[in-house]
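The values are calculated or read from the model by the stated rules, or taken from the named source; none is laboratory data. Since the model is a prediction, treat every value here as computed from it, not as a measurement. FYI the Cβ positions are ideal-geometry reconstructions off the backbone, even for glycines, and counts take in every protein chain you see.
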Amino acid sequence: MNDFEKIILLTQLTSTFGMTGLIWFVQLSHYPLFARVGREGFVEYERSHRIRTTIVVAPLMLAEAATTVLLFQLVPDWISFRSAAWGAALLMAVWVSTATLQVPQHERLSEGFDLSAWRTLVRTNWIRTVAWSARSVLLIQCLWQLLK
């Protein structure tokens, strides 16, 4: 493995494992607590949530996307084409889900707490939770193969 591949792998591990841990926190703790904020302060809470979350999530998601594209194109010896393709497909599912399901619910919630939007957000966020978890499993398998 050359130095460039090591950087790709380390960035992929950091970003994917970071997002996997973060999405489980969001799914099990953060999003469920939205319903307890209260209607009076919810618009400000949602606005702050979106700004602060973007600061944390955007660099990780962009790094993950960039290294996923590189892995899919380069397919180094330590990752199979099948694993790279699955990883890319799972990341595509995350991005599509974010853009088409979670972002629209956050937009609805930015106007005030909406029980239906909140329920849809919590329910559909399982797509991202499962996809990021599966990506982490794929990376663990790649690491296992690399360390053999």
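Residues checked against (1) in contact with a Leu (Cβ under 6 Å, 6 or more places away or on another chain); (2) under 22 Å from I127 (Cβ atoms); (3) modelled with pLDDT of 95 or more:
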| position | (1), (2), (3) |
| --- | --- |
| S15 | yes, yes, yes |
| G18 | yes, yes, yes |
| Q27 | no, yes, yes |
| F34 | no, yes, yes |
| R52 | no, no, yes |
| I55 | no, no, yes |
| L60 | no, yes, yes |
| V69 | no, yes, no |
- Could you give me the residue pairs with C-beta distances under 6 Å whose first residue belongs to region 14-43 and is crowded, with 17+ Cβ neighbours inside 10 Å, whose second residue is of a type in the set (K, R) wherever it lies, and which are 6+ apart or on separate chains? T16/R135; I23/R128
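Is it the case, given these coordinates, that L143 is aliphatic (A, V, I, L, M), surrounded by fewer than 19 Cβ atoms within 10 Å (Cβ to Cβ) and free of Cβ contacts under 8 Å to residues at least 12 places away in the same chain? Quick ask: steps written out before the conclusion?
Working: aliphatic (A, V, I, L, M): yes; surrounded by fewer than 19 Cβ atoms within 10 Å (Cβ to Cβ): yes; free of Cβ contacts under 8 Å to residues at least 12 places away in the same chain: no.
Spelling it out, it is not the case that L143 is aliphatic (A, V, I, L, M), surrounded by fewer than 19 Cβ atoms within 10 Å (Cβ to Cβ) and free of Cβ contacts under 8 Å to residues at least 12 places away in the same chain.
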- Find the helices (runs of 4 or more DSSP H) located wholly in region 35-125 whose residues include 1 or more that are under 26 Å from N2 (Cβ atoms), and list them. 39-74, 81-97
- Check whether at least one residue in region 116-126 is closer than 23 Å to G18 by Cα, of a type outside the set (V, I, T), surrounded by 13 or more Cβ atoms within 10 Å (Cβ to Cβ) and in contact with a Lys or Arg (Cβ under 7 Å, 6 or more places away or on another chain), and report yes or no. no
- Task: Identify the residue in region 93-148 that is at pLDDT 95 or above and among the aromatic types (F, W, Y) and, among all such residues, is nearest to A65 (Cα to Cα).
- Result: W95
- Exception for F81 within (1) surrounded by fewer than 16 Cβ atoms within 10 Å (Cβ to Cβ); (2) under 16 Å from the mean Cα position of the chain (by Cα); (3) farther than 25 Å from L33 by Cα falls at (2)
- Message: I need the full set of residues from region 48-75 which are surrounded by 14 or more Cβ atoms within 10 Å (Cβ to Cβ) and within 15 Å of the chain's Cα centre (by Cα), in order please.
- Response: R50, T53, V57, L60, M61, A63, E64, A65, A66, T67, T68
